[in-house]
Amino acid sequence: MWLLSLALVLLLQLSAAQNVSYDHRSLILNGKRRILLSGSVHYPRATPEMWPGIIQKAKEGGLDVIETYVFWDRHEPSPGQYYFEGRYDLVKFVKLVQQAGLLVNLRIGPYVCAEWNLGGFPIWLRDIPHIVFRTDNEPFKKYMQSFLTKIVNMMKEENLFASQGGPIILAQVENEYGNVDSHYGEAGVRYINWAAEMAQAQNTGVPWIMCAQSKVPEYIIDTCNGMYCDGWNPTLYKKPTMWTESYTGWFTYYGWPLPHRPVEDIAFAVARFFERGGSFHNYYMYFGGTNFGRTSGGPYVASSYDYDAPLDEYGMQHLPKWGHLKDLHETLKLGEEVILSSEGQHSELGPNQEAHVYSYGNGCVAFLANVDSMNDTVVEFRNVSYSLPAWSVSIVLDCKTVAFNSAKVKSQSAVVSMNPSKSSLSWTSFDEPVGISGSSFKAKQLLEQMETTKDTSDYLWYTTRYATGTGSTWLSIESMRDVVHIFVNGQFQSSWHTSKSVLYNSVEAPIKLAPGSNTIALLSATVGLQNFGAFIETWSAGLSGSLILKGLPGGDQNLSKQEWTYQVGLKGEDLKLFTVEGSRSVNWSAVSTKKPLTWYMTEFDAPPGDDPVALDLASMGKGQAWVNGQSIGRYWPAYKAADSVCPESCDYRGSYDQNKCLTGCGQSSQRWYHVPRSWMKPRGNLLVLFEETGGDPSSIDFVTRSTNVICARVYESHPASVKLWCPGEKQVISQIRFASLGNPEGSCGSFKEGSCHTNDLSNTVEKACVGQRSCSLAPDFTTSACPGVREKFLAVEALCSS
Ligand code: GAL
């Protein structure tokens, strides 16, 4: 009986409607102003099996809210036909967030940008007669309204809005319209007002927001997106200051090095935001994940969407980022009531130093900021000296105790390893025919690619004949995008691609013609459809302009207006060679390496254990890969990151932009490709690759990802206890490899004693930690003298094993 009443109480609690309102200070949930810490997690960029772990780690990291976009193109693959299964089970995702006790910001858009194919628009939307996207255009508005209403109704039916007792406290319509509105003139103004009214009329009972868009009606909350949003204010005083996209890093392009944003700078930006009156903050991304299949946007967005986020692509804690931000969140929450109950009093503490003090009742919280991007300094605040590292904010609770400094990372860091499993896979291959091999059609012109393929495949064959060939000549293509592979009489000639900064380019390709008739076959490939910019429905792909054979004795020959035969997609795609059934439909033969247009197949057993798995494709060129029929994305390790834009070291101080702290110059932008555990069985899995340019499958290996080394540092100027934990659920601390108080040198994984090593703490740390999943201990800085050392600190390095 008591069980029944407990269940009833729980049910009542779950379904209790939550009132969401706001004033100039914050969102107000059930009458209470709230500091809300939010993080972006896009459900299709992980698997449903991964969702609970990610949500749990977001909660442990101190988040209150999960933000996600809604991906129209996948939910409505053809007009009026909906799909909400598997990775697209939005209701399930929202309910999991709710079960974890977190809230949701549902950014419906339905334009999302998001490095997602065509910014989330379904490809069929381009074909609606007279349509113009994102403006006062009747056909567009009709389809947009119908999808947005569909999503709102789905959420309502499941009681998922806060007003119904659900977790959704906010919803977003449109996305960063302010970036493009100047292109749409008056029609754009009418559109945004229509979008606002249409959204408001849905009666969700929760506020609607619009990000990076200031021309909004008074009932919509306009919010900030950017690397920094302190000092930014919404259009009206009565609205709270909200930051919807605070970048934890940046996304990866093929052909470009990896972006990193130092956690000291993120923490600085976030602390400054709250210091200067912000109250809702969302990390874009908190977990980035993977662009599986052909979902990644364009141009050239990689399959990995790791984003340098606090949870990495595999859903593991990215340290010290995850931990340092957790420390920040805990501190902000301690000050929540005081901060939100008052207005910050601003005072200057120096030329580049300032304080914002919040006092309420007996409480007091001070933010002390040093915005000098070079120099550390000491400031006087209420007759006490505080040392402030350059480009940092200290949060001082009770206006006395420094609880957090953004530049002093006390949280543990870690060394993550990709462990080869030395799989020795045995491969067979199948040659994709060059040119037309299946259903085809003809046209006397070069066709636009998206119009022709409807994005059912990355690939489109353009083939034609030329009758009087002679030796070496040039094929000149006036404009191409994104990739083209050139074949003459079945022989590979060359491959060309444009880049993230030059989207459309011309090609002058040397080719060899045979005497008599020649077949010219051009395989054009897209690498994710354009996801940003005004009028994206008009951007083209494939070959266009004139296509000319040059250097012929009889003069140049323009081939663009002669008869071309087209084939959408590949024979192997048609046969579904990547599925178990499809793979049986052809005869696979002994493996050929370094050969363009080759399908590769192998069978493999899942690497033992629970650690996340990736496929190391360093030896391959460009293509797509499937595990048991599931596409793990496009791969392109042959496209190496531009050289010379990577700094030797990354200084967190000073304004960040995505080109500041790049790594991996000269290397593959992406070498490892996540294979979710849930897509594999223990034995007998099918791995199929389609290789476009030529690779060597014999070096392909599965790797597992694990965190085995953890480290922590604590500084004398900002003392705290050292906390160590093993990130893996089944791991414990098995060994203390290093513990020194003084001025140790090196970094995590390579610490060594410095000139001053006052105490050997290894024994103490061992006693407290070995055999435990986590431990903490407080260093005593008073026992050590290190004359001449500017700042003493304790460094500990430990091993985690399962
Ligand atoms: C923003 C956009 C996001 C995402 C981000 C870059 O402008 O709103 O959807 O594309 O840029 O990652």
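See the values below:
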item: Residue within segment 651-661 that is under 20 Å from the mean Cα position of the chain (by Cα), small (Gly, Ala, Ser) and at positive phi present; result: no
item: Segment 705-742, subset of a type in the set (Lys, Arg) and assigned to a strand (DSSP E or B), residue nearest to the chain's Cα centre (by Cα); result: Arg705
item: Test for Leu334: is it in contact (Cβ under 8 Å) with a residue 12 or more places away in the chain and open to solvent by 10 Å² or more (accessible area, probe 1.4 Å); result: yes
item: Residue match in segment 216-229 (condition: of a type in the set (S, T, N, Q) and touching a helix residue (DSSP H, G or I) at 6+ places or on another chain (Cβ under 6 Å)); result: no
item: Some residue of segment 282-294 being away from the ligand (no atom under 16 Å from the Cβ), in contact (Cβ under 8 Å) with a residue 12 or more places away in the chain, open to solvent by 10 Å² or more (accessible area, probe 1.4 Å) and not charged (D, E, K, R); result: yes
item: Answer residue from segment 226-269, given it is basic (Lys, Arg) and over 30 Å from Gln667 (Cα atoms) and is least open to solvent (accessible area, probe 1.4 Å) among those; result: Lys239
item: Qualifying residue in segment 39-58 (condition: within 26 Å of Val627 (Cα to Cα) and among the hydroxyl-bearing types (Ser, Thr, Tyr)); result: yes
item: Segment 90-112, subset within 16 Å of the ligand (Cβ to nearest atom) and assigned to a loop (DSSP other than H, G, I, E, B), residue farthest from Phe147 (Cα to Cα); result: Val112
item: Check on Ile123, surrounded by fewer than 23 Cβ atoms within 10 Å (Cβ to Cβ), touching an Asp or Glu at 6+ places or on another chain (Cβ under 7 Å) and not assigned by TED's automatic domain parsing to the domain that holds Gly528; result: yes
item: Restricting segment 497-519 to residues that are free of Cβ contacts under 8 Å to residues at least 40 places away in the same chain and closer than 15 Å to Tyr254 by Cβ, the residue that is most open to solvent (accessible area, probe 1.4 Å); result: Ser501
item: Residue in segment 181-197 that is most open to solvent (accessible area, probe 1.4 Å), counting only those that are within 23 Å of Leu170 (Cα to Cα) and out of contact with any Asp or Glu (no Cβ under 8 Å at 6 or more places or on another chain); result: Glu197
item: Contacts under 7 angstrom Cβ, first residue in segment 235-252 being at positive phi, partner within 12 Å of the ligand (Cβ to nearest atom) and among the β-branched types (Val, Ile, Thr), 6 or more apart; result: none
item: Selection status of Gly278, touching a residue at least 24 places away in the same chain (Cβ under 8 Å), open to solvent by 20 Å² or more (accessible area, probe 1.4 Å) and more than 16 Å from the ligand (Cβ to nearest atom); result: no
item: Restricting segment 295-322 to residues that are among the acidic types (Asp, Glu), within 16 Å of the ligand (Cβ to nearest atom) and on the phi < 0 side of the Ramachandran plot, the residue that is surrounded by the fewest Cβ atoms within 10 Å (Cβ to Cβ); result: Asp306
item: Residues satisfying the stated conditions in segment 52-89, i.e. assigned to a helix (DSSP H, G or I) and among the hydroxyl-bearing types (Ser, Thr, Tyr); result: Tyr88
item: Residues located in segment 709-726, provided they are open to solvent by 20 Å² or more (accessible area, probe 1.4 Å) and modelled with pLDDT under 95; result: Arg713, Tyr715, Glu716, Ser717, Pro719, Ala720, Ser721, Lys723
item: Cβ pairs under 8 Å, 6+ apart, first in segment 770-782 and over 7 Å from Ile733 (Cα atoms), second open to solvent by less than 40 Å² (accessible area, probe 1.4 Å) and part of a loop (DSSP other than H, G, I, E, B); result: Ser774/Cys726; Ala778/Ala720; Pro779/Leu761; Phe781/Lys792
item: When residues of segment 527-540 are limited to those that are assigned to a loop (DSSP other than H, G, I, E, B) and open to solvent by 10 Å² or more (accessible area, probe 1.4 Å), the one nearest to the ligand (Cβ to nearest atom); result: Phe532
item: Conditions (1) within 16 Å of the ligand (Cβ to nearest atom); (2) surrounded by fewer than 18 Cβ atoms within 10 Å (Cβ to Cβ); number of the one not met by Lys142; result: (1)
item: Any hit, segment 212-232, residues being among the β-branched types (Val, Ile, Thr), within 13 Å of the ligand (Cβ to nearest atom) and within 14 Å of Gln658 (Cβ to Cβ); result: no
item: Enumeration of residues in segment 166-179 that are within 16 Å of the ligand (Cβ to nearest atom) and not in a loop (DSSP other than H, G, I, E, B); result: Leu170, Ala171, Gln172, Val173, Tyr177, Gly178, Asn179
item: Within segment 608-658, tally of residues that are open to solvent by 20 Å² or more (accessible area, probe 1.4 Å), within 17 Å of Ala302 (Cβ to Cβ), in a loop (DSSP other than H, G, I, E, B) and modelled with pLDDT of 95 or more; result: 5
item: Among residues of segment 180-189, those that are part of a helix (DSSP H, G or I), within 16 Å of the ligand (Cβ to nearest atom) and touching a residue at least 40 places away in the same chain (Cβ under 8 Å), counted; result: 1
item: Given (1) open to solvent by 30 Å² or more (accessible area, probe 1.4 Å); (2) under 27 Å from Ser394 (Cα atoms), number of the condition Gln772 does not satisfy; result: (2)
item: Residue under evaluation Glu264, criteria (1) in contact with a strand residue (DSSP E or B) (Cβ under 6 Å, 6 or more places away or on another chain); (2) away from the ligand (no atom under 14 Å from the Cβ), criterion not met; result: (1)
item: Any chance Glu766 is open to solvent by 30 Å² or more (accessible area, probe 1.4 Å) and more than 30 Å from Leu388 (Cα to Cα); result: yes
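The values are calculated or read from the model by the stated rules, or taken from the named source; none is laboratory data. Worth saying up front: this structure is predicted, and the values here are computed from it rather than measured. Methodologically, a virtual Cβ is constructed for each residue, glycine included, from the backbone with ideal geometry; neighbour enumeration extends over all protein chains shown. With ligands, DNA and RNA removed, areas are computed over all heavy atoms of the protein, side chains included. Shrake-Rupley method; radii C 1.70, N 1.55, O 1.52, S 1.80 Å.
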